[in-house]
Amino acid sequence: METPLTHNISPGGEPPDLAQYEKTGGYAALRKVLGMAPAEVQAVVKESNLRGRGGAGFPTAQKWSFVPMGDDAPRPKYLVCNADEMEPGTFKDRLLLEGDPHQLIEGIIISAYAIQADVAYVFLRWAYKLAARRMEKAIAEAYRHSYLGKNILGSAYSLEMHLHVSAGRYMCGEETALLNALEGKRANPRAKPPYPQVSGLWGKPTIVNNVETLCNIPHIVSQGAEWFKSLSRSGGGTKLYGISGRVKKPGLWELPMGTSMREILEEHAGGMCDGYQFRGLLPGGASTDFVTAEHLDVAMDFDSMQKVGSRLGTGTMIVLDDKTCPVGMLLNLEHFFAQESCGWCTPCWSGLSWIEQILQDMEEGRGRASDLELLESHTRLLGPGHTFCALAPGAAEPLQSGLKYFRDDFERHIHEKRCPWSRT
């Protein structure tokens, strides 16, 4: 099984420096691209069926195609790498940032060339201290060897790259809030249209792509679109799948896109810990709908997960076991979302705080029968189209599915006037 994204990574070891990266074929794709037209690069990525790995799954080349091209296009143009990985349960980008920074840098340069961007930013989560040090070192190496800066490798193409360490907040993962933060403003989402591809950073054309998305680009250019599609069981390429919770081997693996949840849970993660039974999982981080045992044979890809009422998201699963209170788990998640709301729109800042309080009351024995209807109404009022961005709709997903699959647990909290999992 080919693992292009992780073949250079030694967990716990040092990442390859520039010379080591070059020995494994690094920067060969960039050299190839400099002899191609930007439209040709976009065409190869389009043919590969690469979809964004940050959670939304939007076709990467289609996103690029919205950027104005040609001599009359506004300047400068920007490419921004979203490395603000704050989705609970998600740690895939950290592996790539720490383990093979030159792979990301090469992916950024090629992607920037495809849209003729002049400046690139890596917007990094503040807590990723080791990743910051390794990215800084790798960027400096790339400048010294003419992979960045003026007239890259003697070509007519130039690109400046900057590492921006975020001040924090989950909200910065939303692309327009991220752009506001880069501009030194409060990280609030922007109204769309205009879209960032036309009017983004400082009002200029901007593409925002996820770390894992960008790391795929050099391999697609080097090996071709058909090779990339052949790696997958469905869709295109490989995917970094992770799992956390009471499993025997929590971790992260690069597997063919479309690998089933059962295979990831039972074969790669070793199954549930002794003494624990599986109840359900969130397949793509905290802001996705629960799935249960009946769904475990479903392929972990964008389309298949939608058919069972959830989303692939980041592909990093959070497992719920039979000794963990689902209401308490949801309270923990909704507390996170409530405190991370930017406060820009009322349904989000008010609704999430209200949800948190209702769940807190249930956990402490103050729940009422009417609370269930109230929680269900919140999942509708916080749904898509009612807020400026996807934070509140994402927060509603685990709650609405939790009410569906674990309703008996909610009712026990109300009838027994306590948390059934409490020791007191």
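Table for the structure above
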quantity	calculated
Conditions (1) touching a strand residue (DSSP E or B) at 6+ places or on another chain (Cβ under 9 Å); (2) surrounded by fewer than 23 Cβ atoms within 10 Å (Cβ to Cβ): number failed by residue 267	(1)
Residues satisfying the stated conditions in the stretch 134-173, i.e. free of Cβ contacts under 8 Å to residues at least 60 places away in the same chain and among the aliphatic types (A, V, I, L, M)	135, 139, 140, 148, 156, 159, 161, 163, 165, 167
Qualifying residues in the stretch 144-173 (those that are loosely packed, with under 14 Cβ neighbours inside 10 Å and in a helix (DSSP H, G or I)) - the one farthest from the chain's Cα centre (by Cα)	154
Output for the stretch 227-267, where each listed residue is assigned to a helix (DSSP H, G or I), without any contact (Cβ under 8 Å) to a residue 60 or more places away in the chain and either assigned by TED's automatic domain parsing to the domain that holds residue 99 or out of contact with any Leu (no Cβ under 6 Å at 6 or more places or on another chain) (or both)	227, 230, 263, 264, 265, 266, 267
Whichever residue in the stretch 174-201 is of a type in the set (A, V, I, L, M, F, W, C), touching a residue at least 60 places away in the same chain (Cβ under 8 Å) and outside any loop (DSSP other than H, G, I, E, B) and, among such residues, is surrounded by the most Cβ atoms within 10 Å (Cβ to Cβ)	178
Search result, residues across the stretch 337-377 that are surrounded by fewer than 17 Cβ atoms within 10 Å (Cβ to Cβ) and farther than 17 Å from residue 387 by Cβ	357, 360, 361, 364, 365, 366, 368, 369, 370, 373, 374, 376
Single match in 37, 56, 29, 43 (criterion: in the same structural domain as residue 160 (by TED's automatic domain parsing) and within 22 Å of residue 315 (Cβ to Cβ))	56
All positions within the stretch 268-302 that are of a type in the set (A, V, I, L, M), outside any strand (DSSP E or B) and farther than 18 Å from residue 56 by Cα	269, 293, 296, 298
Residue 141 vs. criteria over 25 Å from residue 18 (Cα atoms) and either touching a Leu at 6+ places or on another chain (Cβ under 6 Å) or surrounded by fewer than 20 Cβ atoms within 10 Å (Cβ to Cβ) (or both)	no
Unique residue being more than 15 Å from residue 341 (Cβ to Cβ) and at pLDDT 95 or above when the list is 356, 363	363
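The values are calculated or read from the model by the stated rules, or taken from the named source; none is laboratory data. From a predicted model like this one, the values you see are computed outputs, not experimental measurements. Cβ sites come from the backbone with ideal geometry, for glycine too, and all protein chains shown count toward neighbours.
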